[in-house]
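Here the structure comes first, spelled out in structure tokens, and everything after it is commentary.
The values are calculated or read from the model by the stated rules, or taken from the named source; none is laboratory data. What you see is a predicted model, and the numbers here were worked out from it, not measured in a lab. Cβ placement follows ideal geometry from the backbone for every residue including glycine, while neighbour counts extend to all protein chains displayed.
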């Protein structure tokens with residue numbers, strides 16, 4: 001039987017790039033059979049999206065060939081058929097929705113293929129049913145949540161009845177529940193016989209695939225099972241990725257998981273294989289983290305409510321009676337599903353919104369007072385937006401970073417401020433100041449965004465989803481930067497959909513759900529409450545589940561250990577301590 | 001209302017799905033019917049006629065189950081302009097006739113002038129309400145489909161109506177895009193010290209605030225339209241000049257009745273006796 005897709009020594013150079021530069025895709029060679037489930041991984045800028053776009057003829061090879069069901073993608077006449085066969089869901093759902101009503105957007109593909117009205121109606125209803133969006137079919141897309149929009153985008157592809165669907169970082173911007181939803185749907189579609197190819201930066205997701213393709217600098221450096229991929233630690237690190245948390249733990253303490261052969265086995269299986277602890281039962285060494293209750297509050301929020309477009313039929317409640325305290329110098333996290341009000345709350349801290357109801361104080365700034373020094377507040381609490389690189393407004397890196405300090409402090413010492421901020425995030429001043437922002441890699445752009453806010457020297461740094469869309473290496477770098485800043489006395493407050501980020505970075509955590517603040521607790525307490533997290537559309541970090549699994553088998557792991565490193569240290573301690581006796 | 005909300009909050013141009021009988025009408029009937037009404041209201045010279053038109057439009061709003069108060073809010077923004085026009089009409093009416101109230105050089109306040117001013121206000125009110133009502137009960141997509149069907153005959157003489165309609169559709173899709181982008185860029189600049197917050201200080205400073213938004217708005221829009229073009233490509237747009245449509249509208253007796261009723265009201269509006 002013919003393969004579904006055959007990629008034959010594909011080379012691709014971006015139009016206008018000279019022969020001197022390495023091609024974006026270099027001699028790629030593989031084939032895909034019907035019904036496969038493939039994860040496509042690689043660092044930011046390694047060529048994943050470029051490769052994906054070759055598979056449904058959005059791009060054509062510079063040399064080499066791509067065949068879809070035997071049709072050459074260079075043959076324009078076969079494009080409609082290729083695109084009906086291979087559908088694509090993009091990363092930002094709002095950019096791929098064409099129509100002003102959900103169901104009409106879903107109908108767009110079939111209409112282009114000139115199917116009959118009755119057939120289209122059936123396909124649209126079916127597709128919407130499949131993604132659970134039937135009830136929203138008459139709504140306007142821009143009023144939907146990110147997760148819902150992503151489902152509409154998927155329905156639009158499904159309605160064309162494709163044999164293969166490519167998901168291009170579809171889960172990058174979603175909350176844990178939204179991610180689970182997309183992942184389950186991918187698996188369901190695959191069971192229905194649809195070939196699924198997905199691009200992701202979440203290493204835990206890669207395990208879902210039955211095959212993994214790894215790109216590094218435009219070259220295909222690995223083609224095999226995810227198990228084989230993750231057992232090659234050296235290759236993984238070289239490619240800017242990392243092993244999933246559970247895999248890392250498995251390799252560090254293989255004796256904890258007797259009988260498990262595969263490092264990427266199902267996580268529940270891993271937990272169940274943990275042997276009962278037989279060492280001496282010493283009370284868990286409680287690290288000397290005193291409670292933070294006695295520390296002064298840096299930020300106080302009481303009964304804050306916010307309604308968008310108040311007084312119109314489109315009014316939308318974003319925050320309801322939110323109350324929380326942020327302790328001075330204690331890194332604070334904010335988690336909640338999409339639409340739970342995180343961004344609205346963070347933007348209040350920066351004075352972009354004023355409290356409609358309730359009170360809030362940030363440092364010495366009272367936001368309810370009429371003569372609030374807004375500029376002073378913005379200098380005090382710097383804000384880094386979600387996907388900040390989408391809103392760069394200067395052409396050169398240096399100018400972008402200089403914008404804030406120029407507005408805040410004027411031209412004097414500007415150069416030094418920019419240099420200071422760039423060096424803080426690890427960007428070489430001379431090397432980067434004259435680079436054009438749009439030519440940077442994803443990780444570099446995020447650094448520029450961070451430096452742009454740091455350059456105004458805020459006392460509090462507020463970040464909205466700082467790691468979303470970054471590959472593991474860039475994410476690690478960024479978290480390292482933030483930890484360093486916190487060490488230097490900058491108060492970090494950030495929101496994330498990635499629970500592992502939160503576990504590593506913060507001490508106190510506020511959980512938001514549907515605009516209400518559920519709890520503000522030390523992070524180890526909040527993460528132990530599985531029901532509360534699931535109810536809020538979240539999940540426990542892998543490390544916390546692992547710690548609970550160990551404790552369940554009698555391992556005296558301290559209740560305050562939430563990071564993989566802390567848990568690993570304790571296990572090492574217990575094992576070594578045991579062998580000493 | 002926050003200073004960063006750019007999405008138009010005007011009541012005109014909003015679709016409010018209440019599922020009323022007017023909402024379920026064939027879009028072609030709505031386009032033709034409302035078109036007739038608007039023509040009649042515009043060209044009627046009779047106060048009674050325009051009054052009848054106003055009553056009909058208000059009845060339509062009630063029938064559409066849209067809160068009347070909400071519909072009337074749409075009259076507020078243009079109100080100052082209408083008052084100015086009416087006042088000009090009061091004092092500078094060209095044929096003051098005999099019943100003059102007072103005269104001061106070229107300025108003449110006459111009964112005829114007052115009546116004519118009232119007629120103008122009445123006419124604008126009615127037109128604005130009619131347009132709002134049309135937008136309340138017709139979604140942009142229905143409007144597009146209706147136009148598409150009504151324009152189909154033009155295909156035969158070689159005018160690509162399909163592309164034309166697609167252009168309208170994508171443009172409409174981009175309005176919330178633009179509002180959203182403008183909001184984000186404004187916030188990004190404000191949070192780094194640009195003068196946005198606080199009280200707005202008159203027209204000049206507000207215009208000055210807008211200027212730095214324009215270029216980034218351009219670049220982000222270009223980037224987004226590129227992605228959208230790609231997404232359209234990926235979904236096989238442009239495969240054939242004539243796409244099919246999921247919607248089949250059947251023009252039934254109710255739609256015919258609707259047009260006839262509106263035709264009758266329009267005729268009364270147009271030909272009602274003057275006082």
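Looking at A:506, A:519, which one is surrounded by fewer than 22 Cβ atoms within 10 Å (Cβ to Cβ) and within 27 Å of residue A:358 (Cα to Cα)? Going through A:506, A:519 in turn, the sole match is A:519.
Of the strands (runs of 3 or more DSSP E) lying entirely inside segment A:33-114, those carrying at least 2 residues that are in contact with a strand residue (DSSP E or B) (Cβ under 6 Å, 6 or more places away or on another chain), under 18 Å from residue A:194 (Cα atoms) and within 9 Å of chain B (Cβ to nearest Cβ) are A:86-89. Looking at segment B:197-208, is at least one residue surrounded by 12 or more Cβ atoms within 10 Å (Cβ to Cβ) and at pLDDT 80 or above? Within segment B:197-208, none of the residues are surrounded by 12 or more Cβ atoms within 10 Å (Cβ to Cβ) and at pLDDT 80 or above. When we screen B:137, B:165 for residues that are at negative phi and free of Cβ contacts under 8 Å to residues at least 40 places away in the same chain, the only hit is B:165. Might you let me know whether segment A:559-573 holds any residue that is surrounded by fewer than 17 Cβ atoms within 10 Å (Cβ to Cβ), in contact with a helix residue (DSSP H, G or I) (Cβ under 8 Å, 6 or more places away or on another chain), at pLDDT below 90 and more than 30 Å from residue A:477 (Cβ to Cβ)? The answer is yes; a qualifying residue exists.
Would you mind finding the one in A:330, A:299 that is part of a loop (DSSP other than H, G, I, E, B) and more than 14 Å from chain B (Cβ to nearest Cβ)? Going through A:330, A:299 in turn, the sole match is A:330. Give segment B:220-240 a look and list any residue that's surrounded by 18 or more Cβ atoms within 10 Å (Cβ to Cβ) and either in contact with a strand residue (DSSP E or B) (Cβ under 7 Å, 6 or more places away or on another chain) or more than 8 Å from every other protein chain (Cβ to nearest Cβ) (or both), or say none. Result: B:234, single match. For the condition in a helix (DSSP H, G or I) and under 20 Å from residue B:34 (Cα atoms), residue B:147 qualifies. Somewhere in segment B:100-118, is a residue part of a loop (DSSP other than H, G, I, E, B), touching a helix residue (DSSP H, G or I) at 6+ places or on another chain (Cβ under 9 Å), surrounded by fewer than 18 Cβ atoms within 10 Å (Cβ to Cβ) and at pLDDT below 85? Yes - at least one qualifying residue is present in segment B:100-118. Assess whether residue A:331 counts as being under 28 Å from residue A:482 (Cβ atoms), in contact with a helix residue (DSSP H, G or I) (Cβ under 6 Å, 6 or more places away or on another chain) and modelled with pLDDT of 85 or more. Taking the combined requirement at face value, the residue satisfies it.
Mind counting the residues in segment A:1-32 that are part of a loop (DSSP other than H, G, I, E, B) and touching a strand residue (DSSP E or B) at 6+ places or on another chain (Cβ under 8 Å)?
Within segment A:1-32, the first condition is being part of a loop (DSSP other than H, G, I, E, B), and the residues that meet it are A:1-4, A:13-24.
Imposing the further condition that a residue be touching a strand residue (DSSP E or B) at 6+ places or on another chain (Cβ under 8 Å) reduces the set to A:3-4, A:23-24.
Final tally of qualifying residues: 4.
Counting the residues of segment A:370-399 that are more than 10 Å from chain B (Cβ to nearest Cβ) and either within 16 Å of residue A:432 (Cα to Cα) or in contact (Cβ under 8 Å) with a residue 24 or more places away in the chain (or both) gives 6. Checked against the criterion of being more than 30 Å from residue A:503 (Cβ to Cβ) and either buried (at least 17 other Cβ atoms within 10 Å of the Cβ) or touching a strand residue (DSSP E or B) at 6+ places or on another chain (Cβ under 8 Å) (or both), segment A:437-454 has at least one qualifying residue. In this structure, residue A:359 does not satisfy being within 25 Å of the chain's Cα centre (by Cα) and more than 10 Å from chain B (Cβ to nearest Cβ). Between A:463, A:482, A:493, A:427, the distinction of being outside any helix (DSSP H, G or I), under 24 Å from residue A:43 (Cβ atoms) and in contact with a strand residue (DSSP E or B) (Cβ under 6 Å, 6 or more places away or on another chain) belongs to A:463 only. Residues in segment A:528-551 that are in contact (Cβ under 8 Å) with a residue 12 or more places away in the chain and over 23 Å from residue A:147 (Cα atoms): A:528, A:543, A:544, A:545, A:546, A:547, A:548, A:549, A:550. Might you check whether a residue that is farther than 30 Å from residue A:467 by Cβ and touching a residue at least 40 places away in the same chain (Cβ under 8 Å) occurs anywhere in segment A:71-80? Scanning segment A:71-80, I find no residue that is farther than 30 Å from residue A:467 by Cβ and touching a residue at least 40 places away in the same chain (Cβ under 8 Å), so the answer is no. Of all residues in segment A:339-378, those satisfying the criterion of being closer than 12 Å to residue B:191 by Cα and assigned to a loop (DSSP other than H, G, I, E, B) are A:350, A:351, A:352, A:353. Restricting attention to segment B:133-165, the residues being within 11 Å of chain A (Cβ to nearest Cβ) and crowded, with 19+ Cβ neighbours inside 10 Å number 8.
Scanning segment A:115-131 for residues that are at the interface with chain B (Cβ under 7 Å from one of its Cβ atoms) and part of a helix (DSSP H, G or I) yields a count of 4.
The residue pairs whose first member lies in segment A:259-271 and is closer than 20 Å to residue A:551 by Cβ, whose second member is assigned to a loop (DSSP other than H, G, I, E, B) and at pLDDT 80 or above, and whose beta carbons are closer than 8 Å, counting only pairs six or more residues apart or on different chains, are A:269/A:260; A:270/A:257; A:270/A:260. Before we move on, is residue B:182 within 30 Å of residue A:381 (Cα to Cα), at pLDDT 80 or above and more than 10 Å from chain A (Cβ to nearest Cβ)? Against the criterion (within 30 Å of residue A:381 (Cα to Cα), at pLDDT 80 or above and more than 10 Å from chain A (Cβ to nearest Cβ)), residue B:182 qualifies.
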